[in-house]
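Report on one structure; see the data block that follows.
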Amino acid sequence: MIMGNTLRDKLVAGSPTVGTHFLFADPDIPEMIGDTGLFDYGEFVAEYSTFDVKLLYHLARAAQCGGLPLMIKLD
């Protein structure tokens, strides 16, 4: 099942969005951010953290579980 992109929907509608940045390389963080319902998107700032492909997968999975569109800012 493919989830809808709520961030894109808001941008297309011209609605303002609120997001947050996080540096922690822990998949629980984006899920908790999403569960709060306070933010339209989250951004993992990977340029200041260590990561590998497996971690990025788990971050994306956890964000999806929390209903949080996720951006990953690499170097």
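Entry note, the chain: the mean residue ellipticity at 222 nm calculated from DSSP H runs of n ≥ 4, each adding -39500 (n - 2.57), is -11500 deg cm²/dmol after division by the residues and rounding to the nearest 500. Under 5 Å from the amide H of Asp40 lie the amide H atoms of Val18, Gly19, each residue being 5 or more positions distant or on a separate chain, with H modelled from the backbone and absent for Pro and chain starts. The residues of the chain expose, per residue, 69 Å² of accessible area to a 1.4 Å probe. Taking Ser49, Ser15 and ordering them by how much accessible surface each has at a 1.4 Å probe, largest first, produces Ser15, Ser49.
Candidate values [x] 4.8; [y] 5.7; [z] 5.2 were compared with mean projected area of the Cα convex hull in nm² computed on the shown model; the agreeing label is [z].
For Cα pairs less than 8 Å apart in space and 6+ apart in sequence, what is the mean separation divided by the residue count of the chain, i.e. the relative contact order in percent? Answer for the chain is 36 percent.
Think of the chain as a dipole: +1 on every Lys or Arg Cβ, -1 on every Asp or Glu Cβ, centred on the Cα centre; then among Gly42, Met3, Thr20, Met3 lies furthest on the positive end.
Solvent-accessible area assigned to carbon and sulfur over the chain amounts to 59 percent, based on a 1.4 Å probe.
Compared with the dominant principal axis of the Cα atoms in the chain, helix 53-65 is inclined by about 30°.
The values are calculated or read from the model by the stated rules, or taken from the named source; none is laboratory data. Just so it is clear, the structure is predicted and the values come from calculations on it, not from any experiment. FYI the Cβ positions are ideal-geometry reconstructions off the backbone, even for glycines, and counts take in every protein chain you see. Calculation scope for accessible area: heavy atoms of the full protein, side chains included, ligands and nucleic acids excluded. Shrake-Rupley method; radii C 1.70, N 1.55, O 1.52, S 1.80 Å.
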